[in-house]
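Read through the structure below, which is laid out as structure tokens, and then see the notes.
The values are calculated or read from the model by the stated rules, or taken from the named source; none is laboratory data. Quick caveat: nothing in here was measured; it's all calculated off a predicted structure. All Cβ positions, even for glycine, are placed from backbone atoms using ideal geometry, and neighbour counts span all protein chains on display.
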């Protein structure tokens, strides 16, 4: 089995440092003397190390204004990339940045799944645990008590038959990481459920958080960490939509920027942006800004439609039947008007069908 890197030559130094691990089969960057890692298992085809950010980095370095719109559409499609890891069976997405992929079949795994250590000295078990494929069907993890199948990987103690499955091992080893555009360093998933204030939205959350081990910040709740880069929000007042452009996620709103925009208020709650470090959604075409939680709320007085980048697919969080005077734009033909729409509604007639 061979491993190669598909990262673009124009990638930044941050990507090249991680891509250096691709010179050996599923091995970490530890020295040769420290033989604590090895390839986790064999695969019959060559494996490539994929950098999902390489095309974005190249775009930033070689951007041409004439082709900017077309290139950005291609990039948003890359940002919407998702597939399943064959090892832990969890999602691989753009924020994971690096993953291993087979060039022949649809086999893919997280980079951190492919580089787990062979031996593990733990504080919760007195013996060394070893990574290997279980030759027993129906074995269970001694941490979460999940039942597992034959040939699944486990950290096992050969002396007392103590097992830790891969999902628990990733959490305890803090190997589950994401590369978030909001921070220069990778963010590590904290294994325990916590109650704390999220540095992205400023609200208190209970659940899984991501944290930078080098800086001890930001402290980002799982929900905020995976918010879409683009969001289509429709603010309703008397059934009139007030904004039509997609909003872009921004990771701060500095005071100088607020001043240059005449200190705008959130278009949903009408409050000021007091904390300049909090994330916001903003329109790139006009002065339209919202707080993070305002743009993603499911409550009145507004409703939102989530738009995932590059797919062209929208997911509504409301039913049309709840808004009887709802108008969908554009109209099916130039002769159709809002007055005609209201007339048909008042007389109990559907009139012309409005395209969604």
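Observations on the structure shown:
- Sole exception among (1) assigned by TED's automatic domain parsing to the domain that holds residue 53; (2) more than 30 Å from residue 231 (Cα to Cα); (3) in contact with a helix residue (DSSP H, G or I) (Cβ under 8 Å, 6 or more places away or on another chain) for residue 85, by number: (2)
- Sole exception among (1) part of a loop (DSSP other than H, G, I, E, B); (2) over 20 Å from residue 45 (Cα atoms) for residue 130, by number: (1)
- Residues in segment 188-200 that are crowded, with 16+ Cβ neighbours inside 10 Å and at pLDDT 90 or above: 198, 199, 200.
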